[in-house]
Amino acid sequence: MPAQVITITSGKGGVGKTTAVANLGVALASSGSKVVCIDGDIGLRNLDVILGLENRIVYDIVDVIEGRCRLKQAMIRDKKLPLLHLIPAAQTRDKNAVSPSDMNRLVKDLRNECEFVLIDSPAGIERGFRNAIAGADRVLVITNPEVSAVRDADRVIGILEAEDKGPGALILNRLNPSLVRSKDMLSPDDVLDLLAIELIGIVPEDENVIISSNRGSPVAFDQKSRAGQAFRNIARRLKGESVPFIDWENQGGLWERIQRLAGRK
Amino acid sequence: MSIFDKLFGRKRSADSAKERLQLVLIHDRTDLTPAELDSLRDDLIATISRHVAIDEDAVQIDVEHDGRSQRLVADIPLKPAARRRSKRAK
């Protein structure tokens, strides 16, 4: 079966695109799917450090596009997960080195190589974003429950609709359940009401995300982390499983609820 | 903070965030600024007034949203036309 091509984008920077791509890649590969992650942020390469693969880069996406290497030579295999691969962004080259038709060609070649292609989009709505969505079958928009991030997400969703890339689905990242309970943070219902888009996952704020990025080992490897569990749930939904959403708003003992859900499988 | 606010608790920040976003998103999605909406309102009043008497101060023009689609909703109360109707009745 040809691969599903999924782009993760947000409009605003710093909301968790790269973290989401790395974690969904890990979660999908852990569950037996061959995955290729593409860093689409030319000039600001980062997915390599989040995945802990920064020392293994020889060729990058521009080398593939300009024919300096074969596609497989630029696919770096993960240390722990042989099914997980990364095509890194070019770091020093011109941002315009890649065009939407280059991306379409690259994605077409990858379709027969794996089950999932995950594309990490740069922030903004310019060329890099257009490249990232060009070959996508499905776009996941990631946002935080904050006014600026939600506003930018709405802008991106509007563009996706206009480009017939819609309807897309939403990942709500860095939700703080206790702030939501005290009504000092937009709730998932508030955000869904504003953006009117399907939800595919809610990821709670979790310090393990920073700790695991320091180590170059995404939090989805960590069976005890709440954020890791949330990313694993999203990966299962991408594979077509129906996984119930954790009710982050109305739970009393947070820990107990999560452990119960984690144990439920 | 007023006494009322102290007694009943200030509006929570999440509610302010949602209300502010609702307005901002309407304008982002429609490219219609509050000033343009005002000028649209004036034009509508002028046009409709040429045909029928309306209560200008009570006219309300809003952009409402239903999912991701936007809709311009105008509430334009008409002035009672009692004299005209009674004339016709004769």
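Observations, loosely collected:
- Elements of type helices (runs of 4 or more DSSP H) contained in the stretch A:92-182, each with 1 or more residues being touching a helix residue (DSSP H, G or I) at 6+ places or on another chain (Cβ under 9 Å) and at positive phi: none
- Flag for A:ILE246 being crowded, with 16+ Cβ neighbours inside 10 Å, within 28 Å of A:GLY124 (Cβ to Cβ) and over 17 Å from the mean Cα position of the chain (by Cα): no
- In the stretch A:1-19, the residues that are without any contact (Cβ under 8 Å) to a residue 12 or more places away in the chain form no Cβ pair under 6 Å with any partner that is assigned to a strand (DSSP E or B), whether six or more places apart or across chains.
- Members of the stretch B:20-63 that are hydroxyl-bearing (Ser, Thr, Tyr) and under 30 Å from A:LEU160 (Cα atoms): B:THR30, B:THR33
- No other residue among A:ASP152, A:ASP120 is within 19 Å of the chain's Cα centre (by Cα) and farther than 28 Å from A:SER31 by Cβ apart from A:ASP152.
- Extreme residue, nearest to A:ILE246 (Cα to Cα), among residues of the stretch A:148-165 that are without any contact (Cβ under 8 Å) to a residue 40 or more places away in the chain and surrounded by fewer than 16 Cβ atoms within 10 Å (Cβ to Cβ): A:GLU161
- Tally, over the stretch B:16-30, of residues that are surrounded by 14 or more Cβ atoms within 10 Å (Cβ to Cβ) and of a type outside the set (Gly, Ala, Ser): 9
- Number of the exception - A:CYS69 against (1) assigned to a helix (DSSP H, G or I); (2) free of Cβ contacts under 8 Å to residues at least 40 places away in the same chain; (3) among the hydrophobic types (A, V, I, L, M, F, W, C): (1)
Rule-based calculations on the coordinates, nothing more; no lab input. Computed from a predicted structure; not experimentally measured. Glycine also receives a Cβ, built like all others from the backbone with ideal geometry; neighbour counts cover every protein chain displayed.
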